[in-house]
C-alpha cells in the first residue's frame with residue numbers, strides 16, 4: 001500500500017516549496033531521497049502541489065503581467081528566456097507563457113497559440129512557448145491530455161476489476177441518462193460487503209489523496225454520494241496521506257481495488273451456497 005504519513009508528506013512539500021528549477025528536476029531529487037515511493041506517486045504529489053501553487057500565485061502575477069512581458073522582452077534572445085523566468089518566479093512555464101501572450105493577443109488567440117505555437121507570429125516567442133510546453137509537467141495542453149487519459153484509463157481499470165469479481169453496476173453514463181447530476185464512477189446495482197461493511201458505490205481518483213484535496217472531494221462529491229446512496233469506497237490509485245483515514249465520513253479510503261478476500265459479492269455467496 002502507498003500510504004504516506006504526515007512527516008514524510010511535509011518533508012516532500014518542503015522540498016517542493018524551496019526547490020528552484022523545473023518540476024521534472026525536482027521529481028528526480030525526491031525520487032533519490034524516497035526510493036521506496038513509486039514514481040507515479042511522486043509525480044502525482046508534485047502535480048497536486050503545482051496546481052495549488054499556481055492557483056495561489058495567479059493573482060499575484062496576473063496583476064503584474066505587463067512587467068513580466070517587459071522583462072521577457074529584455075531577455076528575448078534565445079528559446080530559454082521564458083523558461084528561466086518561470087524558474088525565478090517559481091511558476092509553471094506554460095503559466096508564464098499565458099501571462100505574456102495575454103498581454104499581446106486576445107484570449108481566443110492565446111488559447112489557440114498554446115495548442116499550436118506555430119501560430120505565434122514572433123519566431124523567438126514561438127520558440128520560447130514550444131520550449132516551455134515540452135518542459136512543463138504541471139500545465140499545458142500536453143499535460144491536460146495526459147491527465148485526462150490517465151483518468152479514463154483508471155476508470156476503465158476499475159470497471160474491469162469490478163466485473164472480474166462479479167459486481168453488477170451502473171456507470172456515470174447510465175446514471176446521467178436517468179437524471180442524476182452528481183454521480184459516482186460506479187453505483188452498485190447489488191450491494192457488496194467490504195470487511196463486513198455494506199458498500200453501495202465506488203469512486204476512482206487517478207491522483208494522490210492529500211488532506212486538502214480529500215476534504216474538497218468530500219465537500220463537492222463524496223458526501224453527496226454518501227447522503228444519497230450510503231457508504232462507498234474512494235480509491236486513490238497513486239496513494240494517499242495517512243491522516244485522511246481518520247475522517248468521520250462513511251467513506252472507505254483505499255489505494256487499490258479491494259482484495260478479493262476482503263470482498264463479499266453476490267457471486268461469492270451464491271458459490272458458497274451451491
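The values are calculated or read from the model by the stated rules, or taken from the named source; none is laboratory data. Remember, predicted model here, so these are calculated numbers, not experimental data. All Cβ positions, glycine included, derive from the backbone under ideal geometry; neighbour counts span all protein chains shown.
Tell me, which helices (runs of 4 or more DSSP H) wholly within the stretch 1-86 include 3 or more residues that are at pLDDT below 90? Explain how you work it out, then say what you get.
Values: elements: 6-18, 23-33, 39-62, 65-75.
Helices (runs of 4 or more DSSP H) meeting the threshold: 6-18, 23-33, 39-62.
Could you tell me whether the stretch 118-127 includes any residue that is at pLDDT below 95, surrounded by 14 or more Cβ atoms within 10 Å (Cβ to Cβ) and not in a loop (DSSP other than H, G, I, E, B)?
No, the stretch 118-127 has no match at all.
Need at least 2 residues that are modelled with pLDDT of 90 or more per element, so show me which strands (runs of 3 or more DSSP E) inside the stretch 161-274 make the cut, counting only ones lying wholly within it.
186-194, 197-205, 232-236, 251-254
Go through the stretch 187-203 and count every residue that is buried (at least 23 other Cβ atoms within 10 Å of the Cβ) and in contact with a helix residue (DSSP H, G or I) (Cβ under 6 Å, 6 or more places away or on another chain).
1
Output the number of the condition that residue 91 fails; it satisfies all remaining conditions of (1) in the same structural domain as residue 18 (by TED's automatic domain parsing); (2) surrounded by 17 or more Cβ atoms within 10 Å (Cβ to Cβ); (3) part of a helix (DSSP H, G or I).
Only one criterion in (1) in the same structural domain as residue 18 (by TED's automatic domain parsing); (2) surrounded by 17 or more Cβ atoms within 10 Å (Cβ to Cβ); (3) part of a helix (DSSP H, G or I) is unmet by residue 91, namely (3).
Evaluate the following for residue 133: is it assigned to a helix (DSSP H, G or I), surrounded by 17 or more Cβ atoms within 10 Å (Cβ to Cβ), in contact with a helix residue (DSSP H, G or I) (Cβ under 7 Å, 6 or more places away or on another chain) and at pLDDT below 95?
For residue 133, the condition - assigned to a helix (DSSP H, G or I), surrounded by 17 or more Cβ atoms within 10 Å (Cβ to Cβ), in contact with a helix residue (DSSP H, G or I) (Cβ under 7 Å, 6 or more places away or on another chain) and at pLDDT below 95 - is met.
Check residue 110 against each of (1) under 24 Å from residue 19 (Cα atoms); (2) free of Cβ contacts under 8 Å to residues at least 40 places away in the same chain; (3) assigned to a helix (DSSP H, G or I) and name the one condition it does not meet.
For residue 110, the exception is condition (1).
Just to be sure before I move on: is residue 100 under 21 Å from residue 57 (Cα atoms) and within 23 Å of the chain's Cα centre (by Cα) in the structure I sent?
For residue 100, the condition - under 21 Å from residue 57 (Cα atoms) and within 23 Å of the chain's Cα centre (by Cα) - is not met.
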